[in-house]
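The values are calculated or read from the model by the stated rules, or taken from the named source; none is laboratory data. These figures come from a predicted structure and were not determined experimentally. Here the Cβ positions follow ideal geometry from the backbone for every residue, glycine too, while neighbour counts run over all protein chains shown. Please note that ligands, DNA and RNA were not included when accessible areas were found on the heavy atoms of the full protein model with its side chains. Shrake-Rupley method; radii C 1.70, N 1.55, O 1.52, S 1.80 Å.
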Amino acid sequence: MNASEDSRPAVSGSADPASGEERSGGARGSVGSRRRQRMPLWLDTLVTMAVALVIAVLVKTFLIQPFYIPSASMNPTLLTNDKILVSKLSPGVFDLQRGDVIVFEDPDDWIPGDATENPTPRVRVMMLLSMVGLAPDPSQDHLVKRLIGTSGDHIVCEEQGGALEVNGTPLEEPYINPQTPACQAAFDVTVPEGKVWVMGDNRYASADSAWHETQGDGGFVDESDITGRAEVIFWPTSSWDRLNDGRETFADVPETP
């Protein structure tokens, strides 16, 4: 028994659990390794900012984009200087419908001038922020109107001051300026394939499809020029509201004749 115990090999002092040398040395090595792997604060901040910038650009490109309202053409739905968020999933992932408030690129010089031609310092800052979706685009090369007709729709205003008809159905439009009628001029059009017909809610103060048609300029907008569907007013906070009140107006309108 004693001989057996005496024949056991001696335990190295470096491996002795009671010595603590190996554990403390291993701990120092682990901490040192972690310190070597940690990025400097400035580099960590730079990487974080770069990732946030990429995410902001992707969101602006594929999901949502802010715009501001420069005129009274959409009163009372949208007031001058209101800021809105526009979903870029429509058209595309989700279909647009009659009654939607949409934003589209200027189809044919509907907007005179460009605020970015001789930009002020404030406009320069907004231009930079708008590139990543952190501010509305100050160039004013987009318009916001209500979608009234899509490809094949027959849209009629029989007389100035009358009601608007789509595919033979007269519309009751609660969203337009109550102080003026629905039609500022008489017209009778059928929307061509790949085009849409848009009108401002403030009909007598809107250079929209109807106005340009009566001026002989052509009032149709290419579907490819549509940026997206306006979803919400996000500024000022006192005007916060969803922009989803137009589709019910067209509920009884039949499909294209």
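Listing for the model above:
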quantity	calculated
Share of carbon and sulfur in the accessible heavy-atom surface of region 212-257 [1.4 Å probe, %]	43
Ranked packing of 72-82, 170-180, most packed first, by mean Cβ within 10 Å	72-82, 170-180
